Amino acid sequence: MADWVQQGIVRRRKSVKLDGSGNGTITFGVDWSSNHKWVVSDIIVATNQPPTTAPYPTATAYLGGQQVGVSEGATWTGNQDVMRGEVEMTADDLIVSFTGGLAGSVATAVLEGDSYLLR
């Protein structure tokens with residue numbers, strides 16, 4: 001059985017400018033080697049658009065590809081929301097996809113959780 005030792009917290013932030021259709025994608029990958037994993041507890045999503053200016057993007061988190069079978073959750077209010085749960089990341093990337101937002105606005109995703117190393 002694998003013996004994972006907690007190393008501390010992980011907090012990563014990335015942004016993307018939404019295209020002419022109001023869509024954009026952010027990809028997060030685990031640092032280092034295969035003996036490292038992240039256990040993500042929160043995915044914070046926001047945009048820089050004014051809070052009263054529609055359309056608001058949908059934000060969906062995927063682990064390992066952008067298809068329904070690997071969706072880890074979504075929010076209809078991708079301009080300011082938090083997705084909570086537990087996502088264990090090792091070799092697969094976590095993708096946050098924003099769709100249907102305000103074209104030209106900047107969408108941001110922040111991952112928060114714990115970092116582990118295999119002993």
Within region 33-49, the residues that are in a loop (DSSP other than H, G, I, E, B) and in contact (Cβ under 8 Å) with a residue 40 or more places away in the chain are S34, N35, N48, Q49
Notebook entry, point to check: Has region 28-48 got any residue that is under 30 Å from R119 (Cβ atoms), surrounded by 16 or more Cβ atoms within 10 Å (Cβ to Cβ) and among the polar types (S, T, N, Q)?
Noted result: yes
Taking region 78-101 and keeping only residues that are open to solvent by less than 60 Å² (accessible area, probe 1.4 Å) and outside any strand (DSSP E or B), one is left with G78, N79, G100, G101
By residue number, the members of region 104-119 that are assigned to a loop (DSSP other than H, G, I, E, B) and either of a type in the set (D, E) or surrounded by 15 or more Cβ atoms within 10 Å (Cβ to Cβ) (or both) are S105
Among T52, T25, the single one that is open to solvent by 30 Å² or more (accessible area, probe 1.4 Å) and either assigned to a strand (DSSP E or B) or in contact with a Cys (Cβ under 7 Å, 6 or more places away or on another chain) (or both) is T25
Only one of T75, T52, T58 is in contact with a Phe, Trp or Tyr (Cβ under 6 Å, 6 or more places away or on another chain), without any contact (Cβ under 8 Å) to a residue 60 or more places away in the chain and at negative phi, namely T58
Flagged in region 65-74 as closer than 23 Å to D19 by Cα and either in contact with a Pro (Cβ under 9 Å, 6 or more places away or on another chain) or open to solvent by 30 Å² or more (accessible area, probe 1.4 Å) (or both), in numbering order, are Q66, Q67, V68, S71, A74
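The values are calculated or read from the model by the stated rules, or taken from the named source; none is laboratory data. Predicted, not measured: the structure shown is a model, and the values here were computed from it. Quick reminder, even Gly has a Cβ in these numbers, built from the backbone with ideal geometry, and neighbours come from all protein chains shown. The protein model used for the area step is the full one, side chains on, heavy atoms only, and it has no ligands, DNA or RNA in it. Shrake-Rupley method; radii C 1.70, N 1.55, O 1.52, S 1.80 Å.
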